[in-house]
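Asks: Have a look at the structure that comes next, please.
The values are calculated or read from the model by the stated rules, or taken from the named source; none is laboratory data. In this text, all values refer to a predicted model and were calculated from it rather than measured experimentally. No Cβ is skipped: glycine too gets one built from the backbone with ideal geometry, and neighbour counts run over all protein chains shown.
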Amino acid sequence: MKGMNKFLRNSINLTLLLFCATLFVNTANAQDNNAQTTSAQTTTTRQPMTNKERKYVERMRARISKAGIGEKAKVEIKTRDNRKIKGYVSQAGEDSFVVVDPKTSQQYTIAYLDVVQVKGKGGSSAGKTARQILIGF
């Protein structure tokens, strides 16, 4: 009987140890995934742009502007690191824009310099109006 209690205690201790180790590994993986997601979404500080980069940014900004802003401004963006991001443009700034995945509500801040391809589907009337004001017609 005494040997059985010791065996039971050791089994419980081993089970608790395995549970804690599994919990620790899962927590560490979740934190690592969070760090990767955060670093993928932040933009890095850069040197001043060259003329070539400035022209490229203007072209990409015009393509995003053409798609518009809002939930109707559906885009598919291909980035330099071969990511494909689908969603709608929620904001557009001087150096970057924000794409929201409507399925997950995940927001992606993308620098215009990181864009390789923009595929757009229509746009909101606000986006079209803003484009008309900027272009002047």
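Yes/no matrix, rows are residues, columns are (1) at pLDDT 60 or above; (2) under 27 Å from residue 114 (Cβ atoms); (3) assigned to a helix (DSSP H, G or I):
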| site | (1), (2), (3) |
| --- | --- |
| 25 | no, no, yes |
| 46 | yes, yes, no |
| 64 | yes, yes, yes |
| 70 | yes, yes, no |
| 78 | yes, yes, no |
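Asks: Still on this model: Out of the residues in region 63-78 meeting the condition of being crowded, with 16+ Cβ neighbours inside 10 Å and not basic (Lys, Arg), tell me which one is nearest to residue 110 (Cα to Cα).
Replies: Ranking the candidates gives 77 first.
Asks: Another question about this same structure. Of a type in the set (Gly, Ala, Ser) and either modelled with pLDDT under 55 or surrounded by fewer than 17 Cβ atoms within 10 Å (Cβ to Cβ) (or both), is that true of residue 130?
Replies: Numbers: of a type in the set (Gly, Ala, Ser): yes; either modelled with pLDDT under 55 or surrounded by fewer than 17 Cβ atoms within 10 Å (Cβ to Cβ) (or both): yes.
So residue 130 passes the test.
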